[in-house]
1. Relative to the Cα centre, what is the charge dipole magnitude of the protein assembly as shown, using +1 at the beta carbon of each Lys and Arg, -1 at the beta carbon of each Asp and Glu, and rounding to the nearest 20 debye?
2. Given a Förster distance of 45 Å, report the FRET efficiency between A:K153 and C:L289 from their Cβ-Cβ distance, rounded to the nearest 0.05.
3. With Cβ to Cβ distances under 10 Å as the rule, what net charge do the other residues near B:F337 carry (K, R +1; D, E -1)?
4. Calculate log10 I(q)/I(0) of the stretch C:93-144 for q = 0.13, 0.14, 0.21, 0.32 Å⁻¹, where I(q) comes from the Debye formula with a single equal point scatterer on each Cα and nothing for solvent.
5. In the neighborhood of B:V301, defined by Cβ-to-Cβ distances under 15 Å, what is the net charge if each Lys or Arg adds +1 and each Asp or Glu adds -1?
6. Under a no-solvent Debye model with one identical scatterer per Cα of the stretch D:96-188, what's log10 I(q)/I(0) at q = 0.13, 0.17 Å⁻¹?
7. Express the Stokes-Einstein translational diffusion coefficient of the stretch D:20-134 in µm² s⁻¹, to the nearest whole number, given a Kirkwood radius over alpha-carbon pairs, 37 °C and a viscosity of 0.692 mPa s.
8. List the residue from chain A whose beta-carbon is nearest to the axis that rotates chain A onto chain D, together with that distance in whole Å.
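Values quoted throughout were computed directly from the atomic coordinates according to the rules given, and no laboratory measurement underlies them. This one's a predicted model, so the numbers in the text were calculated from it and none came from an experiment. Cβ coordinates were reconstructed from backbone atoms using ideal geometry, including for glycine residues, and neighbour counts include every protein chain displayed.
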4 protein chains.
Amino acid sequence: MNRIPVGVLGATGMVGQQYIALLRDHPWFEVRFVAASPRSAGKSYAEAVAGRWQLAQDYDAKVASLIVADANDVKAAAAAAARGDCAFVFSALEMGKDEIKALEEAYAAAGLPVVSNASAHRWTGDVPMLIPEINHHHADIIPVQRKSRGWDKGFIVVKPNCSIQCYMTPVHSLMEAGFEVRRMFVTTLQAVSGAGYPGVPSLDMIDNIVPFIGGEEEKSEKEPLKILGRIDGGLIENASGPLIAAHCNRVPVVNGHTACVSMEFGDRKPSVDEVRAVWKAFRALPQELGLPSAPLHPIIVREEADRPQPRKDRDADKGMAVTVGRVRPCPLFDLRFVGLSHNTVRGAAGGGILNAELLKAKGYL
Amino acid sequence: MNRIPVGVLGATGMVGQQYIALLRDHPWFEVRFVAASPRSAGKSYAEAVAGRWQLAQDYDAKVASLIVADANDVKAAAAAAARGDCAFVFSALEMGKDEIKALEEAYAAAGLPVVSNASAHRWTGDVPMLIPEINHHHADIIPVQRKSRGWDKGFIVVKPNCSIQCYMTPVHSLMEAGFEVRRMFVTTLQAVSGAGYPGVPSLDMIDNIVPFIGGEEEKSEKEPLKILGRIDGGLIENASGPLIAAHCNRVPVVNGHTACVSMEFGDRKPSVDEVRAVWKAFRALPQELGLPSAPLHPIIVREEADRPQPRKDRDADKGMAVTVGRVRPCPLFDLRFVGLSHNTVRGAAGGGILNAELLKAKGYL
Amino acid sequence: MNRIPVGVLGATGMVGQQYIALLRDHPWFEVRFVAASPRSAGKSYAEAVAGRWQLAQDYDAKVASLIVADANDVKAAAAAAARGDCAFVFSALEMGKDEIKALEEAYAAAGLPVVSNASAHRWTGDVPMLIPEINHHHADIIPVQRKSRGWDKGFIVVKPNCSIQCYMTPVHSLMEAGFEVRRMFVTTLQAVSGAGYPGVPSLDMIDNIVPFIGGEEEKSEKEPLKILGRIDGGLIENASGPLIAAHCNRVPVVNGHTACVSMEFGDRKPSVDEVRAVWKAFRALPQELGLPSAPLHPIIVREEADRPQPRKDRDADKGMAVTVGRVRPCPLFDLRFVGLSHNTVRGAAGGGILNAELLKAKGYL
Amino acid sequence: MNRIPVGVLGATGMVGQQYIALLRDHPWFEVRFVAASPRSAGKSYAEAVAGRWQLAQDYDAKVASLIVADANDVKAAAAAAARGDCAFVFSALEMGKDEIKALEEAYAAAGLPVVSNASAHRWTGDVPMLIPEINHHHADIIPVQRKSRGWDKGFIVVKPNCSIQCYMTPVHSLMEAGFEVRRMFVTTLQAVSGAGYPGVPSLDMIDNIVPFIGGEEEKSEKEPLKILGRIDGGLIENASGPLIAAHCNRVPVVNGHTACVSMEFGDRKPSVDEVRAVWKAFRALPQELGLPSAPLHPIIVREEADRPQPRKDRDADKGMAVTVGRVRPCPLFDLRFVGLSHNTVRGAAGGGILNAELLKAKGYL
């Protein structure tokens, strides 16, 4: 089968590397174009990541020999598109927010759909912030986006922050089952890979934790409202709830963000057993469509008293599932639980790839 | 000056070792009696802790040569008392709860006051659970306890769980300043030393966290109510609030428990600046009495965005201060902050020693 | 294809779990019998490992429902063999050395070949200690062993200590290429999984290393001599060299033993380039036979200045390859390098499985 | 007593911070001048280190309010010297080697003795590389250095690399006792603080070690020869031995470098007991002079099978002692042992301060 040629912007960074690794044997997509900072431009991909490659699995020989383009040079991508080497791009750009915003728009204007991992466009009104198990219907705004921007084939979709799904997929499934979640306390214990490489200094992570991650609490509190929002007048209108208070901590874990969550329900309150039943039964469009990266069970419920744990649960279902446990009553709100997901797979590159698979299945790619 | 001779029960365990270390140059107390399990009994202290001593600082030569008694043998302690080697005991016993309960009572009945670190008697109605900066007046129940038990000189006091002070000292100081705290969400990130030695396996703490500590959430939620309670009819009556929901996690940190806290106030709500001002100004009886182990400032307020951190803040003021930071509004409750204290110093042996100092100053020892 | 039914002794321990995981989809072998300590006996495998399962991947449903036998009860295995559920056993027994010795002999006497991971029989003269890439011909002693013991079908083979292959496979390949290695300094940095679960306490592995592992240096120095030995008069006669000095350290790594090695050659001394060429070209019988668990390249040479590293290289070729790097001159001996291999895969269960594959290919199973 | 006013160059870096901390209550020296990069210049010290202070103990209020000078501006230090605020400088400069070389010379030319921690001048022939317990007599080259350079009061002394003393102090003491050490294998396990802040990324130090530290093996092999050298013709002539092969590893430890060492002696070979006796008895000039930072016992011999360990032994005698253990025969050379010392105290700022104390006692400051 002919795979769709794709490009990766920011291909040498932490998330970019994860894209390269996850797309290695992808049944639908094939990396044929890579772009990064001017420092890497002109080198082979192998040269560009020498001494910086962070993953256990190696990149494949074909990608190794690709010449890295300058990500600022949209024409390079357009030329690759013209010669059939780049049907759309995954954006894992790492630069200033305004620069990313402008650059992703330039790619879209050049006819290249942008499936982005960056936060720059998360709050752009006509850009959907997708978690396919939750708000796949937000993709319906793409034609509006194209029209208002005057873009022919290009468009931009983004994914939310890397820890969101580990509590919002479970919460969404409950809301869908008729149990409104009004308020949530969320405390995260986040892995260092979320900060890229070199990222968090080891002096901060040996015999230590850091109870602060810049900008993370704001994202954790606000992004769920857009994800749960509805399309209205060509824009995505935020949902009014659940209201969230987040406290974000950095802990000495390589991969896997954990969240301790207390939920206050509306009038209809589920029992612990009902919650567990909803989670075990939950399936969504990616599962129905059989998207290649979709986890078989989007939510895995562990029975053990001390699970989920990052090292043991992050790789569940190729790192794409959310694992939950410790569902129990909360003395202040109604119920509490622990959620966990892989931040650079489900929370970054894997999530981006699932978004692209959804868009392909919906005919946008 | 002649120092008061004291005994340490459970002297070879983690907390027992910390007692030995902290009492090394104590101005009031001198370790002249050590007791531990039958396995250690009969050995010199140095032999008994060979290969198990966990602390950076060594024990002193005098303690090294003490012969370890069997902690189950109350007569040994009574004999030590008779020859002037043991005026009271610190209990760091590690055995079944019922055994500890009975054994501590036996020591008290034998005329030896017991300043305990164990949890066994925390819920005994006439046993005070002391944090000297919060509820030193609970010591007033000792005469009642002695009378009802028929004990002459002996009595039992306990200290609360090792993480309580890192949020309850700050909360108490606010309540004392007139700001009622009605409800609190507390998520702790706790050090492995809290589980003793060998304790938590390294396989659980490399590239991992464990979102569960057996019994810890219950203690964190309930003990504050006794500490804030009042003496009524010879018993300590629990306070009615604040209501607490606690989520306790084990993290790869040697020493220092961190808590992420959200507080809901009563009608009178302080501003961030008022909270910080109350905390900076807070002094209590231990400071007024100038107790040797009392921190100069019971609550240290850090200004940095990313503090407190365990490795950097746990040793503040000899490990006896509570360090707080990140005071800020909470989207759901009123205000939130991060608190931290040293779990084996302030939260265990150091806290026990401060309790003994308080009792000495109050004339009970 | 019908898979050969196999048993795992010590199936609930760390190495036992690794056997269960690695055999999950094995093309030749299928786990149909599990045995462990009396404590686990009678439970389903799932019950027996509840709260103790250490691996990221789960065991399969068939194994989950197997009833655990008492490993001390050889008759249980014999009965399983009789009903076609156990053609041979993998031994991952954890008990006293003499007990294991006697027990493994009892299994062999009962007609069950024992492919052992335990150290008990490593120094039994007629028991081969196999690394298939090095001394597959030692399997030829099996008929002698059977005959002298009076065993019909049963026999015992063992594998060496978990770090040996990371330096001995490279050294053997050089000796085979005509470069005698006379003396070696080896310093290991070993992962905590080598000590089982609970194993090394986290208090010893946070902000710390331990420069001592009981018995490990002796094994590291002596076992290579048997592996390189020759069969003479029904016994394996030790080789006279290379002489080895080993210093073994425990470091905070989950999996992957690293060794820093200096080699002194005989009269024929290879250049750095020759060493690298020998290692890159090295293939042995497992590769020629295409054994299912054999790595494609038994020795992988990394070019980067700072590789191999445990987290990045331990999983190379399913955790079965040895990764080497930093080949360079030694100021005292001739050349030095860093070697690394996965201690619970290649160094334990994976190595045991490869041994069984070799024995199957040779007709002994 | 009036303390000597001193300056610290590179005062905001990791080693500079350690100088500030260790000099806080120093009986002889008082920090009255601080200099750092242009980025910090003009700020108060407190502002300059905000968010970068790495140590558990805080700097004192006086230093907090010092205005940081530009370390490139020698005139600023000269002016401080003129007003009595800087009698000499500790150099903890972090810049290019040639820049440091020139800058330290400029300070010396301006009349300011430089007690340096930097490696730039370690191989300058007339600059002594001091470990006071080993080669205090190398300070005698200072008058020669001054004369040949035409410097009046200024001069430069350096200290060796941060791990050297943990094996060279033990080795020197044996040589002094008449046991020549001809060859040594040294494998180090080094703490991350040696790389400064941010230094080693946490992604390289969680569940990992790195078997490479740029330039470290060369320093470890060569610097001992200068330290053991003799002054000849106005230069320090290298000793001819011991020959050293070093393999240097980075491990997840905050502070404390560990070395595994095998020693080959000359004709006179000590027994294990003789080695231990020599080490226990070893005292040198710093101990005889009672220098404030000199450890009481320069070499501490631990008896336990598994010591020294970084977290437990690095702080021995204020972090200034070397701790050794595991003295035992070596199968290849004669004897082997494990040595450990604190890399940012004894191996950096503490070592520099001891050098200054020695120079003061010898009349050079």
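1. 0
2. 0.25
3. Value of the local net charge: +4.
4. -0.32, -0.37, -0.81, -1.35
5. The answer is +1.
6. Log10 I(q)/I(0), no solvent term: -0.51, -0.78.
7. The Stokes-Einstein estimate is 217 µm²/s.
8. Rotation axis A onto D, closest Cβ, rounded to whole Å: A:S202, 2.
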